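What follows is a short report on a single structure.
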Amino acid sequence: MKILMIEDNESVAQMMDMFFKKEQWEVQNAYDGEEGLAMFNAAPNSFDIITLDLNLPKMDGMQVAQEIRKVSTTVPLIMLTARDSESDQVLGLELGADDYVTKPFSPITLVARIKALHRRAETSDATTDAPEASEDFDVVTDHFKLSTKTREAYLNGEQIPDLTPKEFDLLHTLAQNPKQVFSREQLLQLVWDYEYYGDERTVDAHIKKLRQKIEKVGPQIIQTVWGVGYKFDDTGLDQ
C-alpha cells in the first residue's frame with residue numbers, strides 16, 4: 001500500500017513511518033498543505049490512502065480536502081485533527097473525508113483505520129470490475145435502482161450525482177433492506193467495517209450529504225426514525 005501523509009508535525013510523521021514500515025507500506029510525507037496537494041496532483045492515481053492533518057501551514061486541511069475531492073472522489077481520505085469540536089469533525093466529513101482520528105491518537109488505531117478503509121476500497125474495486133451479471137441492477141423498486149457494478153444509483157430515472165464511496169455504500173446498505181431501520185452503530189459496523197467506540201457523528205454527516213444529493217433529483221428516500229436511526233423507504237413516492 002502507498003500512503004500520502006500530509007502532516008506538519010515531523011515527530012508524528014516519523015513515528016507513523018515506523019509503524020507503516022512494519023506493515024511494509026510505502027509512505028510519502030508532506031509537511032504543509034501546498035506541498036501535500038502538489039504531491040497528490042502530480043500522481044493522483046498512485047496513492048491508496050491519504051492521511052491529512054487539519055491544522056497545516058500554507059493551506060489548511062479543509063482546503064486540501066476540497067481540492068483533492070475535485071480530482072478524485074474515490075481515494076480514501078483520513079483526517080487527523082487536534083480539534084475536538086463536533087462542527088470541525090462534521091465539516092471535515094462533509095468536505096469528503098472518509099474518516100477522522102482525533103489527536104493524540106494511538107498509532108495502532110490509525111493503522112487499523114487505514115486497513116479498514118483500504119479493505120473497503122478494494123471491495124468496491126472488485127465489485128466494479130466484476131463480470132457482467134444477469135441483472136443490470138442489484139436493487140430495483142418502482143422508483144429506485146442501484147448497481148454495485150457501476151456504483152451508480154437512480155431515482156425516478158435520474159442518476160443521483162457525485163456519490164462518494166461511503167455515500168454509495170450507505171445507500172446500498174439501506175436500499176437493499178427497504179423499510180428496515182438501522183441504528184447508527186449498525187451502520188458504522190456495516191459500512192465502515194469497524195466500530196467507532198460510540199462516535200456516531202460520522203454517520204449523521206454522511207447521511208446529510210447523501211440526502212442533499214438525493215434531493216437534487218427527487219423526493220427524499222432516506223428517512224429518520226427518531227431515537228433509533230435511519231431507513232430507506234420510497235413507498236411514499238406513490239402518493
**Asked** Given the pairs Lys21/Lys115; Lys115/Lys231; Lys149/Lys179; Lys149/Lys213; Lys115/Lys216; Lys2/Lys115, which span a C-alpha to C-alpha distance of over 22 angstrom in this model?
**Response** Lys115/Lys231; Lys149/Lys179; Lys115/Lys216
**Request:** Provide Met1, Met16, Met62 ordered by accessible surface of protein heavy atoms (probe 1.4 Å), highest first.
**Result:** Met1, Met62, Met16
**Complete:** Excluding ligands, DNA and RNA, the carbon-plus-sulfur percentage of the accessible area of segment 1-110 with a 1.4 Å probe reads 48
**Prompt:** So what is the calculated 222 nm ellipticity per residue for the chain, using -39500 (n - 2.57) for each DSSP H run with n of 4 or more, over all residues, to the nearest 500 deg cm²/dmol?
**Reply:** -13000 deg cm²/dmol
**Item:** Cα-based helix-to-principal-axis angle, 107-128 vs the chain, degrees rounded to 10
**Value:** 40
**Complete:** Rounded to 0.05, the calculated FRET efficiency for the beta carbons of Ala82 and Gln28 at R₀ = 25 Å is 0.65
**Asked** Quick one: what Rg and Dmax do you get for the chain from the alpha carbons, in Å?
**Response** 18.3, 60
**Message:** Rolling a 1.4 angstrom probe over the protein chains, ignoring ligands and nucleic acids, what is the accessible area of Lys58 in square angstrom, nearest 10?
**Reply:** 150
**Asked** How big is the charge dipole of the chain about its Cα centre, in debye rounded to the nearest 20, if each Lys and Arg gets +1 on its Cβ and each Asp and Glu gets -1 on its Cβ?
**Response** 200
**Item:** GNM result for the chain, Cα springs below 10 Å: residue of Glu167, Glu158, Glu23 fluctuating most strongly
**Value:** Glu23
**Degrees, to the nearest 10: 165-175 long Cα axis against longest axis of the chain** = 30
**Asked** Under the Karplus relation 6.51 cos²θ - 1.76 cosθ + 1.60, θ = phi - 60°, what is the ordered set of whole-Hz ³J(HN,Hα) values for segment 74-82, x standing for Gly and Pro?
**Response** 10, 4, x, 10, 10, 9, 9, 9, 8
**Item:** the chain - accessible surface per residue (Å², probe 1.4 Å)
**Value:** 48
**Prompt:** On a 0 to 90 degree scale, rounded to 10, what angle separates helix 33-42 from the longest Cα axis of the chain?
**Reply:** 70
**Message:** At 1.4 Å probe size, what's the solvent-accessible area of Arg69? Round to the nearest 10 Å².
**Reply:** 30
**Request:** Please report, as a whole percent, how much of the solvent-accessible surface of segment 139-239 comes from carbon and sulfur atoms (probe radius 1.4 Å).
**Result:** 44
**Fill in**
A chain fully extended from His118 to Arg211 at 0.36 nm per residue, minus the present Cα-Cα distance, gains in nm 31.0 nm
**Complete:** Note, segment 57-63: 3J(HN,Hα) by Karplus (6.51, -1.76, 1.60, θ = phi - 60°), whole Hz, Gly/Pro = x, goes x, 6, 8, 6, x, 4, 5
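The values are calculated or read from the model by the stated rules, or taken from the named source; none is laboratory data. Small disclaimer: the values here were computed from a predicted structure and weren't measured. Cβ: placed from backbone, ideal geometry, glycine included. Neighbour counts: every protein chain shown. Protein only, heavy atoms only, side chains kept; ligands, DNA and RNA dropped before computing areas. Shrake-Rupley method; radii C 1.70, N 1.55, O 1.52, S 1.80 Å.
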